Structures are given as structure tokens and as C-alpha cells.
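Peer 1: One structure, as C-alpha cells, below. Some questions next.
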Amino acid sequence: MKLPIYQVDAFASQLFAGNPAAVVIMDDWLPDQVLQAIAQENNLSETAFVVPRDGFYGLRWFTPETEVDLCGHATLASAYVLLQHDYTRAKEVVFRFKDGTLLVRRAGELLAMDFPARPPRPIPSDRAVGEALGAMPRELLKSRDLLAVFDNQAQVEALRPNFQAFADLQTKAVIVSAAGDTCDFVSRFFAPSLGIQEDPVTGSAHCTLIPYWSARLGRAMLHARQVSRRGGDLFCEHHDGRVVIAGRAVEYLRGEIDV
């Protein structure tokens with residue numbers, strides 16, 4: 001069986017920036033072990049699998065190690081592929097996944113994704129988090145992932161985590177964030193238990209970051225930047241328990257795989 005595959009740099013306006021994701025288009029779902037093997041072979045932070053249905057597209061996301069419940073950059077990459085290569089003539093794409101529905105629409109030069117918000121709640125300070133990150137945050141919160149908030153962008157950029165120490169944390173991933181120098185806020189994302197030491201740009205983390213910073217800054221429209229080595233910009237909005245996360249994407253390669 002030959003399957004079309006694309007690799008797209010999401011949240012990027014040029015190649016070799018943002019977060020690369022593979023997108024595989026299939027007529028129907030293959031066994032989970034085959035999907036996991038493809039993701040492991042691709043060895044990217046995420047591989048998205050897309051199955052066309054009547055009026056929507058089934059969507060699942062796999063890291064090299066496991067399936068995940070939500071992934072922003074691979075969703076952006078999937079919508080880019082479907083719109084760019086005329087899999088659909090519509091101006092928006094409806095995805096269905098295990099926990100619900102995602103809508104991605106064109107917004108000028110951007111693609112805008114409508115995601116559920118995951119607002120964090122404050123939790124007590126934890127010395128183990130500081131040992132894993134290499135510095136103690138000023139504030140610690142929890143949603144799906146831990147959110148460690150620092151005083152400024154320079155502190156976030158200077159972090160050199162001890163990834164072995166992440167095994168002692170009761171979480172799959174840690175988001176770190178601070179107010180930005182030239183944007184509203186910056187972040188980084190670490191998830192070694194998912195096979196990702198540092199993710200270049202993480203859309204799903206912004207389901208937590210956007211409600212936090214929207215409340216802290218007192219406005220709904222926000223410009224975010226993930227300050228990983230590759231880096232990427234996200235244009236965000238918070239409203240009614242949802243977040244809109246918008247960005248650009250660039251295609252790196254296309255081809256086919258034999259399964």
C-alpha cells in the first residue's frame with residue numbers, strides 16, 4: 001500500500017523554522033501498531049494521520065513513542081496540506097478526533113485553529129520542578145501539563161534542563177513561560193516522557209498559555225513566540241472557553257511511503 005506523505009514546517013514563514021510535522025493521508029485507519037511504527041520511522045515530534053470522511057477528516061497524532069490527545073502544530077500542518085493540495089475546495093477544514101471536533105480556517109495569510117481552552121490552576125511550589133528545569137519558577141500551575149512561569153524572557157531562554165530529573169515529576173510535560181520582550185509572552189516546552197526533549201513550537205501548550213496570559217494581561221488578543229532553537233510565532237485569541245491559535249506553514253517535502 002502506497003500512502004502520500006508530506007513534511008511541513010508549522011508556525012513558520014520560511015523553511016527550517018517552526019516545528020516540522022509529517023502528515024500521512026489514508027483511505028482508512030491502519031492498525032495502531034502500524035501507525036506507531038510509521039511515526040517512529042519518521043522520527044519527528046509528531047506524525048498526523050488523516051482519513052477523509054463525508055464532510056470532515058478523522059485525525060490522530062503520534063510521537064515516536066506514543067499517541068497523544070491533542071497536537072497543534074501537526075493539526076496546522078494537516079490543514080495546510082489539505083488546503084494546499086486541493087484535497088478540499090472549502091475555505092475551512094473540519095477535523096474529528098477522539099475528544100471532539102477541531103476547525104481550521106484561512107485567516108488571510110494565516111491558518112487559524114479553534115481549540116478547547118485548558119486554563120491552569122495554581123499549585124504549590126515544587127523543588128523537583130526547579131531541579132528538572134535548572135531554576136525555580138516564580139509561579140507553578142497545572143492543567144494537562146505543568147506550567148512554570150518565570151520573571152522574564154531571558155530566564156526562559158537560559159534554561160538548561162536536566163532531562164533525567166523529569167522522571168521524578170508527576171507530569172508528561174512542562175511548559176515554561178514569561179512575558180516577552182517583543183511579544184506578549186514567550187514559552188518553551190519539554191516532554192522527554194513522550195520522546196520529545198524540547199518541542200520547537202507547541203500549539204497544544206497554548207491551550208493553557210492563552211487563558212493564563214489573557215487573564216494576566218487583561219486582553220483577549222495575544223502575540224506569542226516559542227523561543228526554542230528553531231522558534232515560531234503564534235497569533236492567539238481567547239474567548240468563551242476556546243482559544244484560537246493561528247500561524248503560517250511551509251512545505252518541506254512530499255512523497256509516498258510503502259506499508
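Peer 1: Could you count how many residues in segment 39-69 are more than 18 Å from the chain's Cα centre (by Cα) and surrounded by 19 or more Cβ atoms within 10 Å (Cβ to Cβ)?
Peer 2: Matching residues across segment 39-69 total 1.
Peer 1: Moving on. Mind checking which residues of segment 158-191 are closer than 19 Å to Pro124 by Cα, without any contact (Cβ under 8 Å) to a residue 40 or more places away in the chain and touching a Phe, Trp or Tyr at 6+ places or on another chain (Cβ under 8 Å)?
Peer 2: Phe166, Ala173, Ile175, Ser177, Ala178
Peer 1: Now for a separate question. Quick one: in segment 70-109, of everything that is charged (D, E, K, R) and surrounded by fewer than 14 Cβ atoms within 10 Å (Cβ to Cβ), which residue is farthest from Leu253 (Cα to Cα)?
Peer 2: In this case the residue turns out to be Asp99.
Peer 1: Please determine whether any residue of segment 21-33 is at pLDDT 95 or above, more than 18 Å from Phe95 (Cα to Cα) and within 16 Å of the chain's Cα centre (by Cα).
Peer 2: no
Peer 1: Follow-up. What's the number of the only condition in (1) in contact with a Ser or Thr (Cβ under 9 Å, 6 or more places away or on another chain); (2) part of a strand (DSSP E or B); (3) closer than 20 Å to Leu70 by Cβ that Tyr212 fails to meet?
Peer 2: Every listed condition holds for Tyr212 apart from (2).
Peer 1: Does segment 202-222 include one or more residues that are of a type in the set (Ser, Thr, Tyr) and not assigned by TED's automatic domain parsing to the domain that holds Leu146? Please lay out each step first, then the result.
Peer 2: Here is the first cut: in segment 202-222, the ones of a type in the set (Ser, Thr, Tyr) are 202, 204, 208, 212, 214.
Still in the running and not assigned by TED's automatic domain parsing to the domain that holds Leu146: none.
No: segment 202-222 contains no residue that is of a type in the set (Ser, Thr, Tyr) and not assigned by TED's automatic domain parsing to the domain that holds Leu146.
The values are calculated or read from the model by the stated rules, or taken from the named source; none is laboratory data. The structure presented is a predicted model; accordingly, all values stated were derived computationally and were not measured. Counting neighbours? That spans all protein chains shown, and the Cβs are built from the backbone with ideal geometry, glycine included.
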